[in-house]
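Since every read-out is calculated from the coordinates, none of them should be taken as a lab result. What you see is a predicted model, and the numbers here were worked out from it, not measured in a lab. Cβ placement follows ideal geometry from the backbone for every residue including glycine, while neighbour counts extend to all protein chains displayed.
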Amino acid sequence: MKKYLSTLLCGLLLNAAALAHGDVELGPNGGRILEFSKNESMHGEVVVKDGNFHIALLDKGLLPVVLGEQELTATSGDRAKPEKLVVEKKAGEFVVPAVKAGEWVVFQFRESAKAKPVTARMQYDLTVCGGCKEPHWICKCAANEAKAKAAKSKK
Ligand SMILES: [Zn+2]
């Protein structure tokens, strides 16, 4: 029984670590990549400037996409008390006031006002990652791991 418990606990801890690191994808500007499509054809890259999230659109190959009729909504806070954030379009990017550290943001992206929304979630986790010393929301561990793997396979 004791052995079973420790195995279970270990599994849970591994799982938590995988979740914390595995799902962070970084963009060409070092920002957090959000999936804005069902087929990886559209992404958002979130960076923070002057207390705002700036979200640039990127295509399949993470190249810039011109911001036109695409729409974005953003909601923060917990489920019991969701708060709609003001989304503006400025200089080819979406601009949203940054949330408090640790809060989740739910983004809904539409190709146009009539298109079906795609939902992307992000936790603005500013605690520092032990692996890469970056805040968790832009943790570089997954990217570093991928780089290391690519370097290894080249040899
Ligand atoms: Zn990390």
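Distance between the pseudo-spin-label points of Thr127 and Lys100 (7 Å out from Cα toward the beta carbon): 1.6 nm. Counted without the sites themselves, the longest stretch of the chain free of GluC sites (Glu not before Pro) in a DSSP loop having at most 12 other beta carbon atoms within 10 Å is 70-155. Modelled this way, with points 7 Å down the Cα-to-C-beta line, the labels at Lys114 and Lys49 are 3.3 nm from one another.
Residues Cys139, Cys132, ranked from the fewest to the most other C-beta atoms within 10 Å, line up as Cys132, Cys139. For the chain, the longest principal axis of the alpha carbon atoms and the long axis of helix 141-154 meet at an angle near 70°. In summary, the aspartates and glutamates within cross-link reach of Lys81, defined as a Cα separation below 16 angstrom excluding same-chain residues under 8 places away, comprise Glu103.
Per residue, the convex hull spanned by the Cα atoms of the chain amounts to 170 cubic angstrom. Placing unit charges on each Cβ (+1 for Lys and Arg, -1 for Asp and Glu) gives the chain a dipole about its Cα centre, and among Gly61, Ala98, Ala115 the Cα reaching farthest toward its positive end belongs to Gly61. Report the Cα centroid-to-centroid distance between segment 25-97 and segment 131-146 in angstrom, as an integer. Centre-to-centre distance over Cα atoms comes out at 20 Å. Annotation: lysines with alpha-carbon distance below 16 angstrom to Lys90 (same-chain offsets under eight excluded): Lys49. Sparse packing (at most 12 other Cβ atoms within 10 Å of the Cβ) combined with a DSSP loop state is found for the following trypsin sites (Lys or Arg not before Pro) in segment 35-86: Lys38, Lys60, Arg79.
For Lys89 and Ala150, a Förster radius of 41 Å and the Cβ-Cβ distance give a FRET efficiency of 0.70, rounded to the nearest 0.05. The magnitude of the dipole of the chain, with charges of +1 and -1 set on the Cβ of Lys/Arg and Asp/Glu and taken from the Cα centre, is near 660 debye.
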